[in-house]
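As structure tokens, the structure follows; a few thoughts come after it.
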């Protein structure tokens, strides 16, 4: 089994690299790697390591949670979600998170986990995450 762990802070540059391919070049020309790293400097964060390799992380900017995971670790990092939320809710509870409309896997997870949809537009669905949503991490019954 893979060794998964949270680190004390996220590599925001790595998070930028993970996400930049999802955005048009006009947007990344304004939100450069340097500007993004400077913007999140000092924000609370946790990094993700899988088998000793930096895999992404989470940053809380005071308003929203921003999370990025390298594609090769999708489906493997989920065990870090509960400790990430424990960390996050110690900072702020509840908190909003925006999910891109084209991220069907994450939207299914959020909806099945019982998170409340609080806003929606052509680009994002905004969810309200709260520690009082009790059934998010229940194991599914075997069929």
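The values are calculated or read from the model by the stated rules, or taken from the named source; none is laboratory data. All of these numbers come straight from a predicted model, not from anything done at the bench. Methodologically, a virtual Cβ is constructed for each residue, glycine included, from the backbone with ideal geometry; neighbour enumeration extends over all protein chains shown.
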Open item on the list: List the residue pairs whose Cβ atoms are under 9 Å apart, where the first residue sits in the range 107-127 and is assigned by TED's automatic domain parsing to the domain that holds residue 82, the second is in a loop (DSSP other than H, G, I, E, B) and surrounded by 13 or more Cβ atoms within 10 Å (Cβ to Cβ), and the two are 6 or more positions apart or on different chains.
Closed with: none
Task: Qualifying position, being farther than 15 Å from residue 7 by Cβ, under 12 Å from the mean Cα position of the chain (by Cα) and either in a strand (DSSP E or B) or in the same structural domain as residue 7 (by TED's automatic domain parsing) (or both), among 46, 97, 59 - done: 97
Open item on the list: Out of everything in the range 65-85 that is more than 14 Å from residue 14 (Cα to Cα) and modelled with pLDDT of 90 or more, what residue ends up being nearest to the chain's Cα centre (by Cα)?
Closed with: 65
